[in-house]
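Everything below concerns the one structure shown next.
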Amino acid sequence: MITDMEDERFFEILARLERSTSRLLQDPHYGPIIRSDGSLAELEEMRIERREREERARARKLRAEASFAEG
């Protein structure tokens with residue numbers, strides 16, 4: 001399900017989460033915490049949402065190009 005957040009803001013948050021999760025997983029103290037607290041599941045959900053947002057953006061672009069070509 002796509003949240004009602006703006007795409008640009010969503011992608012910023014996802015990028016930040018990707019970077020921080022990667023670093024934390026490598027840490028001997030925080031790695032086990034990240035693995036057990038559901039952060040990886042949240043990250044995967046956001047990756048799925050990113051793909052949905054990208055698909056919708058492509059569809060909007062194709063519709064816009066088609067309407068421009070018709071009119």
Matching entry among Ser39, Ser22 (being surrounded by 13 or more Cβ atoms within 10 Å (Cβ to Cβ) and among the polar types (S, T, N, Q)): Ser39
Where Leu25 falls short, out of the listed (1) part of a helix (DSSP H, G or I); (2) out of contact with any Gly (no Cβ under 8 Å at 6 or more places or on another chain): (2)
Yes/no for Met5 being assigned to a loop (DSSP other than H, G, I, E, B), of a type in the set (A, V, I, L, M) and without any contact (Cβ under 8 Å) to a residue 40 or more places away in the chain: yes
Some residue of the range 60-71 being at pLDDT 95 or above and assigned to a helix (DSSP H, G or I): no
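The values are calculated or read from the model by the stated rules, or taken from the named source; none is laboratory data. This is a predicted model, so every value here is computed, not measured. FYI the Cβ positions are ideal-geometry reconstructions off the backbone, even for glycines, and counts take in every protein chain you see.
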